[in-house]
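What follows is one structure encoded as structure tokens, with my remarks underneath.
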There are 2 protein chains.
Amino acid sequence: MNEETKRIYEAKAKVLKALAHPTRLWMAEQLVDGERCVCEFADQIDADFSTISKHLAVLRQAGIVEDDKRGKQVYYRLKVPCILNFMSCIESVIESQAKTHAALLQ
Amino acid sequence: MNEETKRIYEAKAKVLKALAHPTRLWMAEQLVDGERCVCEFADQIDADFSTISKHLAVLRQAGIVEDDKRGKQVYYRLKVPCILNFMSCIESVIESQAKTHAALLQ
DNA sequence: ATAACATTTGGCTATTTTACCAAATATACA
DNA sequence: TGTATATTTGGTAAAATAGCCAAATGTTAT
């Protein structure tokens, strides 16, 4: 694997890593239905405001969401909506995995 | 977010996390063209054999690949091939991100 | 100006992840 | 049986991540 390839895979992995956290993935999926302000997330997540803010910063730095401030609130939305197209496949993996485990228990 | 939702997002995030490493993502992409044995990966990755083996174990535990031993070698293949369908979208994120950064530098 | 609200930032600790080395295991072959 | 080859496992140190608290920032309303 040469340097160029390495850089490319590091960049791709960074995007995936940003989504690879339960809270961040949930937030990204919420945004499929349209923008949300930080306070709306905070209402539904049991975590410190600062934690939520940092998770959103990770998604922003990865280029997955963008934000804008309107009044006192900051609104977030998906920047590249296709980002969640593959969720059905992730679900297939989980189902397949569940079957494998069930089979092993027989 | 209730307990059930939490469990679901933890499971989904676990699959993403398995792919969210440059080496593992690269290996998964190699498998799109068909199975590979560990030694073939080792030829192309500059890392210890044990490191490569552990990365493959992460992919296996996540249900992304499966393996079988034939003779002295262990072959790995994608268990759920759709898993890489979204790479074009990841690339869009990276491009969009590159544009944003370029714009900020102007 | 001051107070109240929404969000981000800095600092800290606990946990997780990564990668290496050495040793163990499994298989084929002399 | 002993040896070489392929891969995994155990242990460990360094680096990255997550989440909390307290403090800082920016905005609106009084």
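Take the conditions more than 16 Å from DNA strand C (Cβ to nearest atom), open to solvent by 30 Å² or more (accessible area, probe 1.4 Å) and facing another protein chain (nearest Cβ under 10 Å) and apply them to A:E29. Does it pass?
Judged against the criteria, A:E29 is a match.
For (1) away from DNA strand D (no atom under 11 Å from the Cβ); (2) open to solvent by less than 10 Å² (accessible area, probe 1.4 Å); (3) within 12 Å of chain A (Cβ to nearest Cβ); (4) closer than 18 Å to A:M87 by Cβ, each residue gets a yes or a no:
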| site | (1), (2), (3), (4) |
| --- | --- |
| B:N2 | yes, no, yes, no |
| B:E10 | no, no, yes, yes |
| B:L19 | yes, yes, yes, yes |
| B:D46 | yes, no, yes, no |
| B:S53 | no, no, no, no |
| B:V74 | no, no, no, no |
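With the checklist (1) open to solvent by 60 Å² or more (accessible area, probe 1.4 Å); (2) touching a residue at least 24 places away in the same chain (Cβ under 8 Å); (3) within 7 Å of DNA strand C (Cβ to nearest atom) in hand, flag the one item B:E35 doesn't pass.
B:E35 satisfies every listed condition except (3).
Among the numbered criteria (1) within 11 Å of DNA strand C (Cβ to nearest atom); (2) open to solvent by 40 Å² or more (accessible area, probe 1.4 Å); (3) aliphatic (A, V, I, L, M), which single criterion is violated by B:L59?
Among (1) within 11 Å of DNA strand C (Cβ to nearest atom); (2) open to solvent by 40 Å² or more (accessible area, probe 1.4 Å); (3) aliphatic (A, V, I, L, M), B:L59 violates only (2).
Look through B:I94, B:I90 and report the one residue that is within 14 Å of the chain's Cα centre (by Cα), without any contact (Cβ under 8 Å) to a residue 60 or more places away in the chain, facing chain A (nearest Cβ under 10 Å) and farther than 25 Å from A:A98 by Cα.
B:I90
When the residues of segment A:62-83 are narrowed to those that are in contact (Cβ under 8 Å) with a residue 40 or more places away in the chain and in contact with a Phe, Trp or Tyr (Cβ under 9 Å, 6 or more places away or on another chain), which ends up farthest from DNA strand C (Cβ to nearest atom)?
If we take residues in segment A:62-83 being in contact (Cβ under 8 Å) with a residue 40 or more places away in the chain and in contact with a Phe, Trp or Tyr (Cβ under 9 Å, 6 or more places away or on another chain), then A:I83 is farthest from DNA strand C (Cβ to nearest atom).
Tell me whether segment B:57-66 contains one or more residues that are more than 15 Å from A:Y9 (Cβ to Cβ), within 14 Å of another protein chain (Cβ to nearest Cβ), acidic (D, E) and in contact with a strand residue (DSSP E or B) (Cβ under 8 Å, 6 or more places away or on another chain).
Yes: one or more hits.
Of all residues in segment A:38-50, how many are within 10 Å of DNA strand C (Cβ to nearest atom), over 28 Å from B:E95 (Cα atoms) and either touching an Asp or Glu at 6+ places or on another chain (Cβ under 6 Å) or among the β-branched types (V, I, T) (or both)?
Selection size over segment A:38-50: 0.
The values are calculated or read from the model by the stated rules, or taken from the named source; none is laboratory data. As the structure is a prediction and not an experimental result, all values here were calculated from the model. Note that each Cβ is placed from the backbone with ideal geometry, even for glycine, and that neighbours are counted across all protein chains shown. The area values use the complete protein model at the heavy-atom level, side chains included, leaving out ligands, DNA and RNA. Shrake-Rupley method; radii C 1.70, N 1.55, O 1.52, S 1.80 Å.
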